[in-house]
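S.K.: Starting off with a structure, shown below.
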Amino acid sequence: MILVTGATGFIASHTIVELQNNGFDIVGIDNLCNSSVSVLDNIQKITGKKIEFSNIDIRDKDALKNFLSGYKIDTCIHFAGLKAVGESVAKPVEYYDNNISGTISLLKVLNEIGCKNIIFSSSATVYGIPAFVPITEECPKGICTNPYGWTKHMIEQILVDTQKANPDMNIVILRYFNPVGAHPSGLIGENPNGIPNNLMPYITQVACGKREKLFVYGNDYDTPDGTGVRDYIHVVDLARGHVCAMSAIDKKCGLEIFNLGTGHGYSVLDVINTFEKVNNIKIPYEITARRPGDIAMCYANPEKAKRVLGWVAEHSLDDMCRDSWNYQNNLNV
Ligand code: NAD
Ligand code: UD1
């Protein structure tokens with residue numbers, strides 16, 4: 001059985017769908033600080049399968065152990081964490097406590113229940129200002145510009161040291177690039193609280209009239225059209241990456257790190273133009289100053305995931321824009 005932490009969140013919910021469709025049994029936990037329990041019903045509508053679930057904070061070691069002692073957990077896929085960059089700058093202690101203390105508490109319980117396999121949600125943010133693009137896994141980790149990024153950086157180190165000390169453990173670190181899109185059913189997707197920080201949810205909220213216009217943060221970067229370039233990846237492709245990572249666990253991989261990206265970089269203007277084209281809707285925008293901490297260009301070399309896991313991203317930017325808008329529309333009905 002697979003334990004999924006942060007089970008009702010954006011990426012975990014899509015991953016559970018792919019895992020269930022591949023025959024895995026799931027037990028999920030989440031403290032619901034950034035998601036709703038209703039996500040579980042929507043997952044069940046898609047897969048027709050139930051998920052064992054409990055509302056637990058990963059920092060609550062006793063509750064976690066109590067709940068998990070009823071199951072035979074072989075692998076933990078660890079998504080639970082806080083992820084808002086700006087908020088992490090304002091509330092660093094909360095972020096270090098939630099993400100790092102939470103992971104340590106989880107690792108202790110996994111050790112006590114004999115679970116030796118872990119897949120962890122890391123981020124391309126650990127590369128800081130990347131030394132080169134496209135970014136391979138060998139690219140040196142950089143200086144993070146915010147506490148959120150440091151939590152990913154530090155948790156990676158904790159996992160590396162844990163695996164080194166316990167060579168019978170298998171730990172896969174997945175560095176996600178920019179997850180967007182939603183399940184094509186429109187039943188699950190990303191629904192951020194308050195003003196969205198990230199580009200795609202902001203665009204969908206402009207498209208539905210919730211916000212007046214998009215602010216494009218800078219058009220004077222050293223990129224083809226001057227706006228920031230990122231590797232947007234459809235969340236369903238990302239979710240499938242976790243199913244493929246299970247095969248590495250099965251082969252007793254020890255410690256492995258993979259980039260999960262498409263290998264293509266798109267600018268902010270590319271995303272706006274594609275969104276307008278596939279959804280036949282206008283996105284008013286205004287060019288404003290650069291956002292502090294932003295980098296010019298970030299995109300993956302995903303060759304290692306292809307070679308070792310047999311994983312490649314299949315969805316296009318058109319699909320990402322269509323599915324994001326489809327989900328936003330479902331929210332509004
Ligand atoms: P999300 O906020 O939708 O999901 C995270 C889930 O974890 C939420 O449901 C939240 O309620 C839960 N959670 C948070 N703290 C918890 C705690 N202490 N105990 C139990 N549950 C807790 O975010 P997401 O986009 O699905 O991200 C999932 C993971 O992937 C996170 O670790 C995030 O940092 C990482 N990641 C996300 C992105 C991205 O752009 N979305 C990029 C790179 C990495
Ligand atoms: C952000 C986080 C990063 C995290 C990643 C996950 C910051 C500084 N970084 O990265 O740590 O791992 O999300 O997805 O927040 N943009 C606009 N207008 C907007 C929003 C964004 O022009 O309203 C631009 C940005 O300048 C950037 C691109 O769109 O060039 C993508 O931004 P965003 O979706 O926030 O992702 P990242 O900055 O790559």
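S.K.: Heads up, I need the accessible area for His315: 1.4 angstrom probe, whole protein in place, Å², nearest 10.
M.R.: Approximately 50 Å² of His315 is accessible to the 1.4 Å probe.
S.K.: Measure off, as a whole percent, the carbon and sulfur share of the 1.4 Å-probe accessible area of the chain, all protein chains present. Don't skip to the answer; put the middle values down first.
M.R.: Working: 7130 of 14320 Å².
Carbon and sulfur: 50 percent of the exposed surface of the chain.
S.K.: List, in the order given, every pair from Lys141/Lys164; Lys141/Lys213; Lys49/Lys252; Lys108/Lys306; Lys72/Lys304; Lys72/Lys152 whose Cα-Cα distance in the structure shown is over 24 Å.
M.R.: Working: Lys141/Lys164 19 Å; Lys141/Lys213 35 Å; Lys49/Lys252 28 Å; Lys108/Lys306 32 Å; Lys72/Lys304 31 Å; Lys72/Lys152 28 Å.
The answer is Lys141/Lys213; Lys49/Lys252; Lys108/Lys306; Lys72/Lys304; Lys72/Lys152.
S.K.: Calculate the spin-label point distance for Lys210 paired with Ser247, positioning each point 7 Å from the Cα along the beta-carbon direction, and give it in nanometres.
M.R.: 3.7 nm
S.K.: Could you tell me the convex hull volume per residue, in Å³, taken over the Cα atoms of the stretch 146-193? Mind showing how you got there, number by number?
M.R.: Details: hull volume 6.1 nm³, N = 48.
Spelled out: Cα convex hull of the stretch 146-193, divided by residues, is 128 Å³.
S.K.: How big is the stretch 160-289 along each principal axis, measuring the range of its Cα positions in Å and listing the largest first?
M.R.: Over the stretch 160-289, Cα extents along the principal axes are 54, 38, 26 Å.
S.K.: Calculate, axis by axis, the spread of Cα positions in the chain along the three principal axes, and write the results as whole Å, longest axis first.
M.R.: 54, 45, 39
S.K.: While we're on this one: Ordering Val312, Val109, Val278 by how much accessible area each has at a 1.4 Å probe, largest first, what is the list?
M.R.: Working: Val312 65, Val109 0, Val278 40 Å².
The residues order as Val312, Val278, Val109, largest area first.
S.K.: Relative to the longest principal Cα axis of the chain, at what angle does helix 102-113 sit, 0 to 90 degrees, rounded to 10?
M.R.: With rounding to tens, the tilt is 30 degrees.
S.K.: D for the stretch 50-196, whole µm²/s, Stokes-Einstein with Kirkwood Rh over alpha-carbon pairs at 10 °C and 1.306 mPa s: what number? Write down the numbers at each step before the final one.
M.R.: Working: Rh = 16.9 Å.
It diffuses with D of about 94 µm²/s by this estimate.
S.K.: Return the loop-located GluC sites (Glu not before Pro) in the stretch 137-219 (DSSP other than H, G, I, E, B) with at most 15 other Cβ atoms within 10 Å of their own Cβ; answer none if there are none. Please list the in-between numbers first.
M.R.: On the way: sites: Glu137, Glu138, Glu156, Glu190, Glu212; in loops: Glu137, Glu138, Glu190, Glu212.
Here the sparse-neighbourhood loop sites are Glu138, Glu212.
S.K.: Turning to a different aspect of this structure: Hey, how much of the P(r) for the stretch 99-171 falls beyond 21 Å, as a percent of Cα pairs? Each step should come with its number before you reach the end.
M.R.: Working: 851 of 2628 pairs.
Considering the stretch 99-171, 32 percent of its Cα-Cα pairs are separated by more than 21 Å.
S.K.: In addition: Using a 1.4 angstrom probe on the protein heavy atoms only, could you order Asp41, Asp74, Asp323, Asp294 from most to least accessible area? Walk me through the numbers on the way to the answer.
M.R.: On the way: Asp41 95, Asp74 65, Asp323 20, Asp294 45 Å².
These residues rank, largest area first, as Asp41, Asp74, Asp294, Asp323.
S.K.: Another question about this same structure. If the label point is 7 Å along Cα→Cβ of Asn21, which residues in the stretch 288-315 have backbone nitrogen under 16 Å from it?
M.R.: Residues 311-315 fall inside that zone.
S.K.: Take the Cβ-Cβ distance between Lys49 and Ile287 as r, set R0 to 56 Å, and report the resulting FRET efficiency rounded to the nearest 0.05.
M.R.: On the way: r = 47 Å, r/R0 = 0.84.
Working from the Cβ atoms, E equals 0.75.
S.K.: Give me the distance between the Cα centres of the stretch 190-235 and the stretch 253-323, rounded to whole Å.
M.R.: Result: 12 Å between the Cα centres.
S.K.: What FRET efficiency comes out for Asn111 versus Asn193 if R0 is 25 angstrom and r is the Cβ-Cβ distance? Round to the nearest 0.05.
M.R.: Numbers: r = 34 Å, r/R0 = 1.35.
About 0.15, to the nearest 0.05.
S.K.: Show Asp25, Asp30 ordered by accessible area, largest first, where the area counts protein heavy atoms only and the probe is 1.4 Å. List each step's numbers first, then the result.
M.R.: Numbers: Asp25 100, Asp30 15 Å².
Putting Asp25, Asp30 in descending order of accessible area: Asp25, Asp30.
S.K.: Rounded to the nearest 10 Å², what accessible area does Lys252 show when all protein chains are kept and the probe is 1.4 Å?
M.R.: Lys252 has an accessible surface of roughly 150 Å² with all protein chains in place.
S.K.: Further, regarding this structure: Taking loop as defined by DSSP and a crowding limit of 13 other beta carbons within 10 Å, which trypsin sites (Lys or Arg not before Pro) in the stretch 1-68 fit? Intermediate results must be reported in sequence, preceding the final value.
M.R.: On the way: sites: Lys45, Lys49, Lys50, Arg59, Lys61, Lys65; in loops: Lys49, Lys50, Arg59.
Passing sites in the stretch 1-68 are Lys50.
S.K.: Would you mind checking which residues have amide H under 5 Å from Leu3's amide H? H placed 1.01 Å from N; only 5 or more apart, or other chain.
M.R.: Val27, Asp74, Thr75, Cys76, Ile77
S.K.: Next up: Scan around Lys49 for amide H atoms under 5 Å from its own, H built in the peptide plane at 1.01 Å from N, and keep only partners 5 or more places away or cross-chain.
M.R.: Residues meeting the criterion, in which the H sits 1.01 Å from N, do not exist here.
S.K.: Continuing with this model, one more query. Apply the Karplus parameterisation 6.51 cos²θ - 1.76 cosθ + 1.60, with θ equal to phi minus 60°, to every residue of the stretch 178-189 and state each ³J(HN,Hα) to the nearest whole Hz, in sequence, with x for glycine and proline.
M.R.: Per residue, the Karplus-derived 3J(HN,Hα) values read 10, x, 9, x, 7, 4, x, 5, x, 8, 10, x Hz.
S.K.: Right, something else. Heavy-atom accessible area per residue, the chain, 1.4 Å probe: how many Å²?
M.R.: Working: 14320 Å² over 333 residues.
Counting only protein heavy atoms, the per-residue value for the chain is 43 Å².
S.K.: Report for the chain the percent antiparallel among DSSP-assigned beta bridges with both residues inside it, nearest 5. Walk me through the numbers before you get to the answer.
M.R.: Details: 2 of 41 bridges.
Given both bridge residues lie in the chain, the antiparallel proportion sits at roughly 5 percent.
The values are calculated or read from the model by the stated rules, or taken from the named source; none is laboratory data. Remember, predicted model here, so these are calculated numbers, not experimental data. Here the Cβ is made from the backbone with ideal geometry for all residues, glycine too, and neighbour counts use every protein chain on show. Ligands, DNA and RNA are stripped out before the accessible areas are found, and what is left, the full protein with its side chains, is counted by its heavy atoms. Shrake-Rupley method; radii C 1.70, N 1.55, O 1.52, S 1.80 Å.
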